[in-house]
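Structure first, commentary second.
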Amino acid sequence: MTRRRFISEMSRKENWRQEEINALVDCVTDRIDTIKGKFSPFLTIEKKAQAWEEVLESVNACSVTKRDVKSIKKKWIDIQSKTKKREAERRRDQKKTGGGPPPANLKPCEDKV
């Protein structure tokens with residue numbers, strides 16, 4: 001198999017649009033207790049999977065590209081990581097001495113995260 005043939009067989013999904021990201025953040029924050037909660041007799045793996053399926057349905061409802069649960073979980077982890085880095089940088093800038101402009105605030109969807 002040549003390299004060109006291999007590359008042409010791979011499929012790449014479209015980039016995430018802002019509407020999809022907003023839908024993901026809204027749905028996950030509504031179900032955060034289920035998604036991030038500790039396992040117990042009342043919170044099982046099936047309930048967590050069901051919560052992710054509900055998030056998947058709402059993201060796919062506003063999306064052109066059909067996503068899967070794996071890609072949605074990955075995007076959520078990436079959003080969390082990026083938001084934590086921005087918040088840490090904002091706090092670091094806030095504690096600096098001297099003049100200069102105030103640090104930039106987080107975006108509304110990042111505030112929810």
Can you tell me which residue in the stretch 6-51 is farthest from residue 108 (Cα to Cα), limited to those that are at pLDDT below 90 and either of a type in the set (Asp, Glu) or within 13 Å of the chain's Cα centre (by Cα) (or both)? 9
Can you tell me how many residues in the stretch 88-113 are within 19 Å of the chain's Cα centre (by Cα) and assigned to a helix (DSSP H, G or I)? 6
Just need a number here: residues in the stretch 52-62 that are within 14 Å of the chain's Cα centre (by Cα) and of a type in the set (A, V, I, L, M, F, W, C). 4
Filter the stretch 36-87 for residues that are part of a helix (DSSP H, G or I) and among the small types (Gly, Ala, Ser) and give the result. 49, 51, 58, 61, 71, 81
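The values are calculated or read from the model by the stated rules, or taken from the named source; none is laboratory data. Note that the coordinates shown come from a computational prediction; the quantities given were computed from them, not determined experimentally.
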